[in-house]
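Enquirer: The structure that follows is given in the form of structure tokens.
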Amino acid sequence: MLEVKDVSKMFDERRGVQQIDFTMERGEIVGFLGPNGAGKTTTMRMITGYLNPTGGSITIDGLSMSEHGAKARSKIGYLPETPPLYPEMTVMSYLRFVADLRNVPVREQKKRINEMLDKLGLHGREQQLIRSLSKGFKQRLGLAQAIIHKPDLLVLDEPTSGLDPNQIIEIRQLIRELGEQHTVLLSTHILPEVNMLCNRVLIIHQGQIVLDERPDRLGTAMGQEVSLHLEVKGPTESIIQVVSALPLVTEVQIVGDGFQEACRKEEVDEAPITTMDHTDTGLEGAGQEADLAVQVCVDNYELSTSQPGVLSPQSGETIKLRVVSQDHSDVREALFYALADAGYPLLEMKREMTSLEDVFTRLTTEEDSGDA
Amino acid sequence: MRRFNAIFRKEMHAYFTSPTSYVAFAVYVLISSILFYMNFVMFQPSIIDFRLVSGNATFMYVFVIPLLTMRLFSDEFRQGTDELLLTSPARMTEIVLGKYAAALVLMVVLVGFTLIYPIVMSFYGTLDMKMMITSIIGMLLLTAAMAAVGLFASTLSQHQMVTAIASFVMLLTFWTMLDWAASSSGTLGEWLMPFAMNTRLDSFMKGVLNGADVLFFITLTAVFVVLSIQVLERKRWR
């Protein structure tokens, strides 16, 4: 469908985009993320033929952008960051103009324009001047402009920016519908939007693609652990013993009520007060690497509220734990049986997915310091 | 062709809904009629000759045409609508020619306004019709070339003022070429002379249809239209 091969763009002095390489299949909705100035808009502009790449090639449905520009462009619908509207035109005359411009056959134009008015809720505003439309309607008209010719590939540059929450929901719904017939590439700053809409995420940073993955598999891609939140009834110490004895568990942490403090290895050394217990339980026996130290820590909150030295609460009380497993492995089942065997009822278990925010921040800030 | 038409219609619509073109026409009509009043009514010439007013009128084109052409591409850049045009299946030639055609219609209107004066004159004596016709052809060719210069200037900047000043400077250069040629002695003068727009126009005003002069204006037009296409095509490589 879309093939972007080794595409680079050099601006006068600085490098805009360097050797971007990806393909998109029909029916995909791809979210394009990156901090401001990373090269998102530049990449989109090259795909739509607004800019020519300095190197590399872009092919749409087998048509090369550089050789069959006009033909390739007719397969694309593009909504730039600011919708390209003429303020002195009416909605109707604008749509007619775009239909002509985008080769919509004259016979079909009326039908197609009506379809657009329906789909985007622009009915009753046909004769209104674009100048007087609200931002939301301008955005919708911009979208109408991009899809009026039923393009194979739809490129949307921040389609929901500047809209109110209701309009955002409407536009997202629309994009989801469009995704059924068209291939969609959309850029956005709203990360949850990507989880909601896209079946693939591309993160671009400093002109290079740093991630290409499905949104639900981000954790794996990042080599990140999965953490579980447990609520167990029973004495704290013995529960921790049971949980940390499981082979794949690398970290157990007590979580206070709505109060949580990260307790990784390095932090443990710096904050000795919070460290209550260091156990290197049966990991070697389970054939695991010895350096997978299991740390158990209780935060300050827990300490200050409970009596010093008394870790195990009265029976009948529950504790909340955060459990991290190694290699993205699923320890839920093992946890369940282990706790059940020990006779501690498991009241709640929740898996915490690696959030896109985490991945995004990590990918786009780490490399900054690395380059500097 | 349909895309050319679409752009042409859109431009015409923009011209007739924007105040700038009305103001430009109004200023032109105002000043040229004041000049007509001074040259014809106050001066009371003994002969009826279109040249009494055409010289002033054509010089005014140097100021008016930049105002009429400045928005052609500058506006697109400013509104970001060039992204729509350049990513549409329309070829650059279609876009540029569509816009230029709309500017040409305006030039015809502009020359039309100038014809008010010979009509007024004809009440007080007989006009040389052949001379009138060649004059009109000459003025149309002149304005067409000037519009092409304005079109080219509008591809250079997103600011209408910058565009207007750029095309004004270019047109004035062509207009004052004659004076430069006269003041510079020898071969340089000979080189500059053929590019003076007003000397080229003189033959039309005298009732002479000179092939070289016709070709001069057509070539000038073509050169600037092609230059506009090239500048826009280059923007993709920015």
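Since every read-out is calculated from the coordinates, none of them should be taken as a lab result. Keep in mind that what you see is a predicted model, and the values were worked out from it rather than measured. Virtual Cβ from ideal backbone geometry, glycine too; neighbours counted across all protein chains shown.
Enquirer: What's the exposure ranking of B:Thr176, A:Thr160, going from fewest to most Cβ atoms within 10 Å?
Expert: Least to most surrounded, the residues fall as B:Thr176, A:Thr160.
Enquirer: Mean Kyte-Doolittle of at least -1.0 plus a Cα span of 18 Å or more along the axis: flag which DSSP H helices in chain B meet both, please.
Expert: Membrane-span-like by this rule: B:2-17, B:19-36, B:51-69, B:92-114, B:129-154, B:160-183, B:211-235.
Enquirer: Which residue, B:Phe43, B:Leu201, B:Leu97, has the largest displacement toward the positive end of the dipole of the range B:2-235 when charges sit on each Cβ (Lys, Arg +1; Asp, Glu -1)?
Expert: Farthest along the dipole direction, towards plus: B:Leu97.
Enquirer: How large is the charge dipole for the range B:72-179, taken about the Cα centre, if only the Cβ atoms of Lys, Arg (+1) and Asp, Glu (-1) carry charge, to the nearest 20 debye?
Expert: 180 debye
Enquirer: Quick check: Cα centre of the range A:143-189 to Cα centre of the range B:43-76, how many Å?
Expert: 49 Å
Enquirer: Checking a compactness column here: for the range A:2-221, what do you get for Rg(Cα) / (2.2 N^0.38 Å), N being the number of residues?
Expert: The range A:2-221 yields a ratio of 1.01.
Enquirer: Follow-up. Along the charge dipole of the protein assembly as shown, Cβ charges K/R +1 and D/E -1, which of B:Phe152, B:Met121, A:Thr236 sits furthest on the positive end?
Expert: Sorting the options by dipole projection puts first B:Met121.
Enquirer: Still on this model: Suppose only helical runs count, i.e. DSSP H with n ≥ 4. What mean residue ellipticity at 222 nm does that imply for chain B under -39500 (n - 2.57) per run, divided by all residues and rounded to the nearest 500 deg cm²/dmol?
Expert: Here the helix-only value at 222 nm equals -26000 deg cm²/dmol.
Enquirer: To continue, here is another question. So what's the Cα pair-distance distribution over the range B:2-235, bin width 5 Å, in %?
Expert: 1, 7, 13, 17, 18, 15, 12, 8, 5, 2, 1, 0, 0
Enquirer: Now, a different point. To the nearest 0.05, what FRET efficiency results for B:Arg238 and A:Arg351 with a Förster distance of 45 Å applied to their C-beta separation?
Expert: With R0 = 45 Å, the Cβ-Cβ based efficiency is 0.40.
Enquirer: If you don't mind, there's one more thing I want to ask. What is the gain in length, in nm to one decimal, between A:Thr361 and A:Phe11 on full extension, counting 0.36 nm per residue of separation less the C-alpha to C-alpha distance?
Expert: 123.4 nm
Enquirer: Once the cut-off is 20 Å, how many percent of the Cα-Cα pairs in the range A:4-93 end up in the long-distance tail?
Expert: 42 percent
Enquirer: Also: Considering the dipole of the protein assembly as shown built from charges on the beta carbon (Lys and Arg +1, Asp and Glu -1) around the Cα centre, which of A:Ile319, A:Ser161, B:Thr143 is farthest to its positive end?
Expert: Towards the positive end, the residue furthest out is B:Thr143.
Enquirer: Label B:Phe43 and B:Val27 with points 7 Å out from Cα along Cα→Cβ: what is the distance between them in nm?
Expert: With each label point 7 Å from Cα toward Cβ, the separation is 2.4 nm.
Enquirer: Return the equivalent ellipsoid semi-axes of the protein assembly as shown as a descending list in whole Å, where each equals the square root of 5 times an eigenvalue of the C-alpha gyration tensor.
Expert: 74, 24, 21
Enquirer: In percent, how large is the relative contact order of the range B:129-237, given Cα pairs closer than 8 Å and 6 or more residues apart?
Expert: 40 percent
Enquirer: Residues with beta-carbon under 12 Å from that of B:Asp202, excluding B:Asp202: net charge, scoring Lys, Arg +1 and Asp, Glu -1?
Expert: That works out to +2.
Enquirer: Under 10 Å from the Cβ of A:Thr48, count the other residues' Cβ atoms, weight Lys and Arg +1, Asp and Glu -1, and hand me the total.
Expert: Here the charged neighbours net out to 0.
Enquirer: I need the Debye-formula profile for the range A:130-258: one equal scatterer per C-alpha, no solvent, reported as log10 I(q)/I(0) at q = 0.12, 0.14, 0.22 1/Å, two decimals.
Expert: Scattering profile of the range A:130-258, log10 relative to I(0): -0.67, -0.78, -1.32.
Enquirer: Here's a follow-up. How big is the gap, in Å, between the Cα center of the range B:107-179 and the Cα center of the range A:49-107?
Expert: A separation of 35 Å, based on Cα centres.
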